[in-house]
Amino acid sequence: MKFVTSWTLVVLALAGVPPIVHAAVEGQWKIDARGGGDQVQLNFTRTWNQGNSRGNWSSTEDYDRDDIRGLPSGTRAEGPVSMTIAREAGTIRLDGRMNDGQGSGKFTFTPDAAYVADLERYGFGKVSDEDVFRLCAHDVDRASIKEARSLGLRDLSLEGLIRMRANGVTPEFVRDLTGAGYRNLDVEQVIRLQVNGVTSKYFKGIVPSPGRQPTIEEIIRYKVNGLDPGYVTLLSAYFEPEEIVRLHLNGISADYVREFHALGYKSVTAEDLTRLRNNGVTSAFAHRALELHGRVTIEELIKLKINGIE
């Protein structure tokens, strides 16, 4: 079981598309094994300058202790170490030294030839050892690749597979999106949903009005602005997504909207409701005004409130 804590990739291509370069994949590692649990935090950092491409890559994840062969037991290990992480994509060898439960050193990666051949068979073309190392670091196995390919995502690449894994996008999440009517999605869309905290429960909780399913970007905006799915469901029958967000940000509750509709203000706009609330016009005040003065406009309600007249 792994939990991604950080992931960084910076690449600079000086001219054209970088060639596939089969050179040794090496870099630096750091480990923190001071915790008493079943996992340790391991960081890989790699910098390269090959042909017309140079860049750096860094990944920090929690690894099960059992996945790292040769890792000393205990939380205060000392001395030289030689450890390995063996996965379908290949083997990462870590040589270095531990000091009071923390360690660092140099890693080397050896790709698995059969795994690389399968990647090419799956249609990913010629892949670099760099790509295979990153697949290994994120534990992207054959089953994960096959499952990802079955999800119907557009433009699925090795980079997309790695980013989905690094950001915690699961097949179940994508299937839930498909089941909710979101088809022909691309990798970037599902990642944006995931990193912005949109869960299956959240988007399933938004019941679209007839003929108006919210877009992926609208769902993300609802989530990042703290809108409850029930709030969105109620107001989507009357307002556009931008208006729903604005109403929420102005502190206008769903009950407030519902009460004014019940009073007969069926065509009240988001701007009207904002002005009513900002001027202290409650539904109770509006109800009293209707009893005393008959049908009054939004503007008249505001004037009555400002002038202290019921």
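The values are calculated or read from the model by the stated rules, or taken from the named source; none is laboratory data. Source: prediction; values computed, not measured. Cβ coordinates were reconstructed from backbone atoms using ideal geometry, including for glycine residues, and neighbour counts include every protein chain displayed.
Is it true that some residue in the range 175-189 is in a loop (DSSP other than H, G, I, E, B), over 16 Å from residue 89 (Cα atoms) and among the β-branched types (Val, Ile, Thr)? No: the range 175-189 contains no residue that is in a loop (DSSP other than H, G, I, E, B), over 16 Å from residue 89 (Cα atoms) and among the β-branched types (Val, Ile, Thr). For the criterion of being surrounded by fewer than 17 Cβ atoms within 10 Å (Cβ to Cβ) and not charged (D, E, K, R), residue 110 fails.
With respect to residue 104, determine if the residue is closer than 22 Å to residue 47 by Cα, assigned by TED's automatic domain parsing to the domain that holds residue 47 and under 29 Å from the mean Cα position of the chain (by Cα). Taking the combined requirement at face value, the residue does not satisfy it. Selection within the range 119-158: residues that are aromatic (Phe, Trp, Tyr) and in contact with a helix residue (DSSP H, G or I) (Cβ under 8 Å, 6 or more places away or on another chain). The member of this set that is surrounded by the fewest Cβ atoms within 10 Å (Cβ to Cβ) is 122. Among the residues of the range 88-143, the ones that are touching a Leu at 6+ places or on another chain (Cβ under 8 Å), outside any helix (DSSP H, G or I) and closer than 17 Å to residue 159 by Cα come to 3 in all.
Of all the residues in the range 58-110, those that are touching a residue at least 60 places away in the same chain (Cβ under 8 Å), closer than 14 Å to residue 30 by Cα and not polar (S, T, N, Q) number 12.
Just a yes or no: is a residue in the range 204-218 among the charged types (D, E, K, R), at pLDDT 95 or above and surrounded by 18 or more Cβ atoms within 10 Å (Cβ to Cβ)? Yes, the conditions are met somewhere in the range 204-218. Considering only residues that are outside any loop (DSSP other than H, G, I, E, B) and surrounded by 13 or more Cβ atoms within 10 Å (Cβ to Cβ), which ones fall in the range 290-302? Correct list: 290, 293, 298, 301, 302. Taken over the range 52-74, residues that are exposed (fewer than 15 other Cβ atoms within 10 Å of the Cβ) and assigned to a loop (DSSP other than H, G, I, E, B) amount to 4. The residues of the range 195-215 that are part of a helix (DSSP H, G or I) and under 21 Å from residue 245 (Cβ atoms), listed by number, are 195, 201, 202, 203, 204.
Checking 274, 233, 269 one by one, the residue that is of a type in the set (Ser, Thr, Tyr), free of Cβ contacts under 8 Å to residues at least 60 places away in the same chain and loosely packed, with under 15 Cβ neighbours inside 10 Å is 269 and no other.
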